[in-house]
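The values are calculated or read from the model by the stated rules, or taken from the named source; none is laboratory data. All figures in this text were calculated on a predicted structure; none of them were measured in a lab. Positions of Cβ are backbone-derived with ideal geometry, glycine not excepted, and every protein chain shown enters the neighbour counts. These accessible areas exclude ligands, DNA and RNA; they are computed on the full protein's heavy atoms, side chains included. Shrake-Rupley method; radii C 1.70, N 1.55, O 1.52, S 1.80 Å.
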Amino acid sequence: MIRILKKKRIKKNLSESVFGRNIEYMPVCDSTNELAKRKSDMPHGTVFIADEQTKGKGRLGRSWESEKKSGICMSVLIKDDIPLSDVAQLTLIAGVAVCRALGYDTKIKWPNDVVIGSRKVSGILTERSGDAVICGIGINVNTKEFPPELRERATSLFIESGEKHDRDYICALVLNEFELLYNQFKEGGFAEIYGEYFDLCVTLGNDVVAIRDGAEITGFACGISPEGGLIIDTEEGEITVSSGEVSVRGMYGYI
Ligand code: BT5
């Protein structure tokens with residue numbers, strides 16, 4: 001059975017007080033991040049969700065593919081005076097929230113790919129629009145098959161378990177965990193979540209290539225900086241790259 005997302009069923013499982021208390025649902029939209037930008041006058045914590053995105057966005061001009069009514073595409077509108085320097089950290093926090101909510105053996109490929117084994121199950125795109133920050137989360141839930149170009153690198157909860165999952169319920173779990181982590185972050189900064197992020201990050205310990213402005217930085221991923229940057233040990237010494245500026249891949253595979 002295929003169902004559409006339902007606001008009421010999401011709200012029923014919310015345990016926190018802000019994220020998702022106001023939900024804007026569209027059956028189809030270009031991108032929930034773009035929708036959130038157009039409606040950024042809505043209250044802090046509003047969540048925009050859609051059953052289908054026609055122009056789902058990834059980072060650095062890439063795209064996010066999603067089969068209609070099978071995944072989660074949602075964006076949280078954050079209007080809370082977040083300094084520009086903290087925006088990238090929200091992506092990392094959202095990744096931890098997704099891992100907590102999904103369970104399975106989810107890990108994070110720095111900065112924002114939530115993976116099971118070596119396949120991506122979720123991606124996060126955080127963008128700034130005026131005073132607001134929009135945190136977009138895509139999760140492959142009941143996807144049975146991916147387009148050929150993604151097949152080797154993408155997975156869904158259905159593919160992992162052979163079972164369909166309740167998307168409304170998962171939306172609520174992600175929002176609950178995200179709000180808890182967000183409150184910790186507001187109180188004590190990224191330091192509050194650093195340890196958990198570090199433990200989840202499977203990029204560490206691998207040889208990686210980071211591409212920054214077309215130039216390659218090659219080395220051993222050896223740490224996460226206190227701000228959430230990836231520390232790469234290169235022949236020229238340690239270089240810290242931040243998530244807004246680079247794409248990273250393993251030298252011997254996706255991770
Ligand atoms: C991301 O970018 O992973 C961010 C994805 C954010 C999607 C959400 S959905 C709600 C909100 N509205 C939007 O328009 N976007 C957000 P990045 O790290 O750049 O990864 C993009 C790459 O992941 C693509 O180039 C593909 O290789 C791969 N990819 C695309 N769709 C995928 C999928 N469904 N599952 C796994 N991998 C995918």
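With 85, 40, 15 as the choices, which residue is touching a helix residue (DSSP H, G or I) at 6+ places or on another chain (Cβ under 6 Å), farther than 19 Å from residue 146 by Cα and not β-branched (Val, Ile, Thr)?
On the way: 85 fails: touching a helix residue (DSSP H, G or I) at 6+ places or on another chain (Cβ under 6 Å); 40 fails: touching a helix residue (DSSP H, G or I) at 6+ places or on another chain (Cβ under 6 Å).
Answer to the selection: 15.
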Quick count over the range 98-116, residues being under 18 Å from residue 163 (Cα atoms) and either among the acidic types (Asp, Glu) or outside any strand (DSSP E or B) (or both), is 5
If I go through the range 116-132 residue by residue, how many of them are more than 9 Å from the ligand (Cβ to nearest atom), of a type in the set (A, V, I, L, M) and closer than 22 Å to residue 201 by Cβ?
1
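What about residue 138, is it in contact with a Gly (Cβ under 9 Å, 6 or more places away or on another chain) and not charged (D, E, K, R)? Reasoning before the result, please.
On the way: in contact with a Gly (Cβ under 9 Å, 6 or more places away or on another chain): yes; not charged (D, E, K, R): yes.
Yes.
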Return the only residue of 60, 92, 77 being in contact with a strand residue (DSSP E or B) (Cβ under 9 Å, 6 or more places away or on another chain), open to solvent by 10 Å² or more (accessible area, probe 1.4 Å) and not in a loop (DSSP other than H, G, I, E, B).
60
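In the list 34, 67, 52, which residue meets the criterion of being within 12 Å of the ligand (Cβ to nearest atom), open to solvent by 20 Å² or more (accessible area, probe 1.4 Å), under 18 Å from residue 140 (Cα atoms) and outside any loop (DSSP other than H, G, I, E, B)?
On the way: 34 fails: under 18 Å from residue 140 (Cα atoms); 67 fails: outside any loop (DSSP other than H, G, I, E, B).
Within the list 34, 67, 52, the selection yields 52.
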Looking at (1) at positive phi; (2) near the ligand (Cβ under 9 Å from one of its atoms), find the lone condition where residue 81 falls short.
(2)
Among the residues that make up the range 10-22, is at least one of them open to solvent by less than 70 Å² (accessible area, probe 1.4 Å) and touching a Ser or Thr at 6+ places or on another chain (Cβ under 6 Å)?
yes
Out of curiosity, is residue 38 under 13 Å from the mean Cα position of the chain (by Cα), over 26 Å from residue 169 (Cα atoms) and basic (Lys, Arg)?
no
Give, as residue ranges, the helices (runs of 4 or more DSSP H) completely inside the range 141-255 that count at least 2 residues that are away from the ligand (no atom under 14 Å from the Cβ) and buried (at least 17 other Cβ atoms within 10 Å of the Cβ).
167-188, 191-200
Testing residue 108 on (1) of a type in the set (A, V, I, L, M, F, W, C); (2) more than 10 Å from the ligand (Cβ to nearest atom); (3) closer than 21 Å to residue 250 by Cα; (4) open to solvent by 30 Å² or more (accessible area, probe 1.4 Å), one condition comes back false. Which one is that?
(4)
On the given criteria, is residue 83 open to solvent by 60 Å² or more (accessible area, probe 1.4 Å) and touching a residue at least 24 places away in the same chain (Cβ under 8 Å)?
no
